[in-house]
Amino acid sequence: MTEFRMVRGFEDVWRPPNGPSKTWPETRFRPPKDLRARLARIVRKAPEVMVKVTGRTRDPAHLAAHLTYITRNGELPAEGPGGVEVGDRKAVLDLARDWEFRNVADNRRRANSPFSVSLILSMPSGTEPFKLQDAARAFADQTFGGRFDYMFALHTDTPHPHVHVSVCAAGEEGARLNPKKADLEAWRQLFARELRARGIEAEATPRRARGVTRKAERTSLRKLRERAEAGRGPYGRIHRAGLVDAVRSGTGARSAEPWDASMLARRLRTAALYAAQAKLMFTALEPADRELGSRLIRWLDRMPSAESLRAMRLRELATGVRRHPREVGEAREKDREPR
């Protein structure tokens, strides 16, 4: 096939919002080598991988409890570096004591420094669990091998197969594990590559590259909201405060925040770059590239509209007041209070 041409500046669509960290300089952004293949995965909506920090343990008891949890009290098979198996519950507790000693002996550790960092690697339901596990094994080896001790275990007890990875925060030569947003973005890219190498369709793009303008709702907040919507309890404090904020902004008490304008500007620039790239592809010699350009335009037409969280809440209040009347009433009453 002929060389794939790219609009100047198009790589900014996929550039992470954060720069590389000092701890992990290899996480600096590099434009993808096969632009054609990545565009094709995006327009056919390849599943997005999830690499998420789920927590940190900060004392020996918490560390031991977490390692026994992800191994289901030593009953689930777990692995460490080099594919070494972590056996029964005793072996898991021995590993926890080893990590405890490493952290206590680390003179760079502060009183509140974590003993371990917990990650979860996940894909949508239907993903072959053992291919997922193999990709996680390669990911952990490339990311932490020779630098930090780790243990991982595959869980298949939910519709979404996932792998728990626990990493000792005290590394070799005095290094401390403290991942930043740029690290997580680079880790997503690596995990997606390992999945694709095993025949699993996967992609890892920043939210704005998919037209998503809002962060995902935190799991704890989502569960509170879903429980309240099902009539099993009140809405959480953060949700109620958001409704108050939405009512005030909707009644003119406060103008749009500057970050709303920035969000809209980023969304417009992203759409403009995609449209310019599609237009360039229409002139390609390869019929496949012209067809991909047409598919890119159709995908762009279905891209979600830019909407802030406050705008979404205002829309919900306008169209679904009956869904949570008490919160709406509280928000309106609050808005009447003197300022």
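The values are calculated or read from the model by the stated rules, or taken from the named source; none is laboratory data. Every value quoted in this text rests on a predicted model; they were computed, and no experiment measured them. Using ideal geometry, Cβ is built from the backbone for each residue, glycine included, and neighbour counts are taken over all protein chains shown.
A few comments on the model shown:
- Scanning region 51-65 turns up one or more residues that are of a type in the set (A, V, I, L, M) and not in a helix (DSSP H, G or I).
- Considering region 147-167, and only residues there that are in contact with a Pro (Cβ under 8 Å, 6 or more places away or on another chain) and not in a strand (DSSP E or B), the residue that is farthest from residue 102 (Cα to Cα) turns out to be 160.
- Breaking point among (1) part of a helix (DSSP H, G or I); (2) touching a Lys or Arg at 6+ places or on another chain (Cβ under 6 Å); (3) surrounded by fewer than 22 Cβ atoms within 10 Å (Cβ to Cβ), for residue 135: (3)
- Checking 264, 317, 273 one by one, the residue that is modelled with pLDDT under 90 and over 21 Å from residue 225 (Cα atoms) is 264 and no other.
- Qualifying residue in region 90-100 (condition: farther than 17 Å from residue 167 by Cα, in contact (Cβ under 8 Å) with a residue 24 or more places away in the chain and surrounded by 13 or more Cβ atoms within 10 Å (Cβ to Cβ)): no
- Breaking point among (1) modelled with pLDDT under 90; (2) exposed (fewer than 14 other Cβ atoms within 10 Å of the Cβ); (3) in a helix (DSSP H, G or I), for residue 298: (1)
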